[in-house]
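What follows is a short report on a single structure.
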Amino acid sequence: MNIKNRIKENSSKLINIASENVTKAFDYPAIKSKELKDGIKNKIREKAILSTKARLAEHHKTFDDYTDEELEIIISDEEIKIKDDLKTKSLVGALAILGLDFLV
């Protein structure tokens, strides 16, 4: 009886380990996808901050002239512009690949 209990325990442990490994394998794409999305968001944010610096320099202003909320609004506006520009470029590229340049 004691041997049967040990076999059952060990087999249940092996099944748990195997199911954990399978779960990790299926979560891997989700984890990498999240990392990729975060990386893209960071790059867009950096580009938006640079654009904001350039826009403020044109008006002879600095970050100190604005509150944090105002700066966040300005930067989010730049992020929207960058995302729209990327969408437009992607669409034009896809249409060019398809040979539908007359739609552009």
Next item on the list: Show the residue pairs that are 6+ apart or on different chains and have beta-carbon atoms under 9 Å apart, the first residue being within the stretch 67-91 and of a type in the set (S, T, N, Q), the second being part of a helix (DSSP H, G or I).
Entry: S76/A48
Item checked: Of all residues in the stretch 24-42 being surrounded by 10 or more Cβ atoms within 10 Å (Cβ to Cβ) and more than 30 Å from I82 (Cα to Cα), the one that is modelled with the highest pLDDT -> D27
Checklist line | Qualifying positions in the stretch 91-104 - of a type outside the set (F, W, Y) and over 24 Å from I40 (Cβ atoms) | finding: L98, G99, L100, D101, L103, V104
Checklist line | Flag if D101 is modelled with pLDDT of 90 or more and charged (D, E, K, R) | finding: no
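Give the residues of the stretch 60-90 that are assigned to a helix (DSSP H, G or I), more than 20 Å from K43 (Cβ to Cβ) and either β-branched (V, I, T) or within 26 Å of the chain's Cα centre (by Cα) (or both), sorted by residue number.
Residues satisfying the conditions are D68, E69, E70, I73.
The values are calculated or read from the model by the stated rules, or taken from the named source; none is laboratory data. Note that the structure is predicted; figures quoted are calculated from it, not measured. All Cβ positions, even for glycine, are placed from backbone atoms using ideal geometry, and neighbour counts span all protein chains on display.
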